[in-house]
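Structure record follows, encoded as structure tokens.
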């Protein structure tokens with residue numbers, strides 16, 4: 001029988017499947033207490049990790065080099081692991097339906113390798129019921145083992161916030177659940193070795209799955225409200241950020257801000273819940289309304305940019321506009337599900353020439369994901385407007401004046417999506433400034 005004591009004595013091994021934003025930090029933390037094998041299908045990723053390089057920037061270089069993790073792209077190495085954690089992405093497809101391809105593939109790989117007596121833990125965000133309804137049958141078929149007799153499963157949703165150096169893995173309460181009480185207790189013991197903020201044991205796997213999927217749904221809806229307010233206040237000529245600052249002086253006012261909602265969590269997770277709701281005959285109106293509002297923000301920002309160009313009597317067609325930032329959030333290199341592309345595509349529909357710059361994004365990924373060629377800052381040249389779409393530190397250090405200089409001798413126009421600069425300072429510098 002697999003026990004915490006055997007794992008702590010390193011007589012049994014933990015396997016982590018998927019070494020991205022979630023899996024790598026987890027593997028590194030666990031390696032301080034257990035024997036760990038880190039598996040990823042991407043040989044390039046394995047090569048980088050073996051060389052001590054993490055392109056996600058989630059793990060510091062010195063810590064990565066000192067971590068005693070065995071990195072491999074050979075699935076056979078999982079056959080030595082009896083506690084296997086699956087941390088693969090769960091995206092959506094073009095129709096905004098859950099794409100469980102990575103999860104199904106990982107389940108099949110694990111099933112083919114896992115030994116009798118294994119415990120398989122899933123961290124990927126899914127709809128309630130997915131672990132037991134989708135993953136368990138694949139594990140059984142691939143392994144030839146019987147669920148509940150020959151292996152057990154657990155679910156412990158990831159809570160990683162990419163780029164956040166404050167709310168790190170060990171400082172966020174960890175939810176755990178298991179297919180039986182003993183498995184739940186084992187998860188609590190394993191994760192309890194690295195998570196100092198505490199463990200919350202859910203009553204069952206479905207409760208843990210539901211808890212995860214509503215975390216980001218709640219944030220999505222709150223941001224949707226801010227975005228709708230921003231569009232209303234824009235028509236009224238009222239500064240949204242000043243309104244929120246004033247309202248925020250009340251103790252129970254929730255502090256959210258308008259903006260683009262992308263990435264692989266907030267902009268994706270609600271669709272997992274709405275998909276499951278629709279499948280059981282319930283149409284989730286509020287959640288989908290929030291998604292519609294947030295998904296149209298790129299178009300709204302582009303339209304406001306065009307209106308500002310017209311107000312400045314600048315030609316719209318063939319105008320050159322610089323978009324600063326392409327990643328889904330500030331100070332991270334992740335391009336997945338970035339909504340900045342919505343701004344770019346809408347501007348291009350107006351016949352505008354768009355130059356995209358991002359100091360963190362990978363050039364090859366920009367081309368592969370979106371067909372976009374990144375432009376070096378020195379090659380941008382004179383533009384009619386600058387859209388600061390992502391508030392990377394590099395842009396904050398440049399400041400309003402230097403960013404405005406990208407407009408050359410023409411009246412500077414800066415569109416500040418996140419509203420990080422000061423409008424009064426922009427006015428003093430003679431910059432036509434707009435913020436969401």
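Things worth noting here:
- Among residues of the range 382-416 being in a loop (DSSP other than H, G, I, E, B) and free of Cβ contacts under 8 Å to residues at least 60 places away in the same chain, the one that is nearest to residue 162 (Cα to Cα) is 412.
- Residue 322 vs. criteria in contact (Cβ under 8 Å) with a residue 60 or more places away in the chain, over 29 Å from the mean Cα position of the chain (by Cα), crowded, with 22+ Cβ neighbours inside 10 Å and over 28 Å from residue 91 (Cβ atoms): no
- Test: residue 208 is over 29 Å from residue 307 (Cβ atoms), part of a helix (DSSP H, G or I) and either at pLDDT 95 or above or in the same structural domain as residue 327 (by TED's automatic domain parsing) (or both): yes
- Evaluating residue 305 against the criteria (1) farther than 28 Å from residue 212 by Cβ; (2) surrounded by fewer than 23 Cβ atoms within 10 Å (Cβ to Cβ) leaves one unmet condition, (2).
- Matching residues in the range 341-381 - criterion: being in contact with a helix residue (DSSP H, G or I) (Cβ under 7 Å, 6 or more places away or on another chain) and either in contact (Cβ under 8 Å) with a residue 40 or more places away in the chain or assigned to a helix (DSSP H, G or I) (or both): 341, 342, 343, 346, 347, 350, 370, 372, 374, 380
- Total residues in the range 301-319 satisfying the condition of being within 30 Å of the chain's Cα centre (by Cα) and closer than 12 Å to residue 349 by Cα: the figure is 3.
- Listed by position, the helices (runs of 4 or more DSSP H) inside the range 36-140 whose residues that are under 24 Å from the mean Cα position of the chain (by Cα) and either crowded, with 21+ Cβ neighbours inside 10 Å or at pLDDT 95 or above (or both) number at least 3 are 43-50, 101-113.
The values are calculated or read from the model by the stated rules, or taken from the named source; none is laboratory data. Quantities reported herein were computed from a predicted structural model and do not represent experimental measurements. Cβ sites come from the backbone with ideal geometry, for glycine too, and all protein chains shown count toward neighbours.
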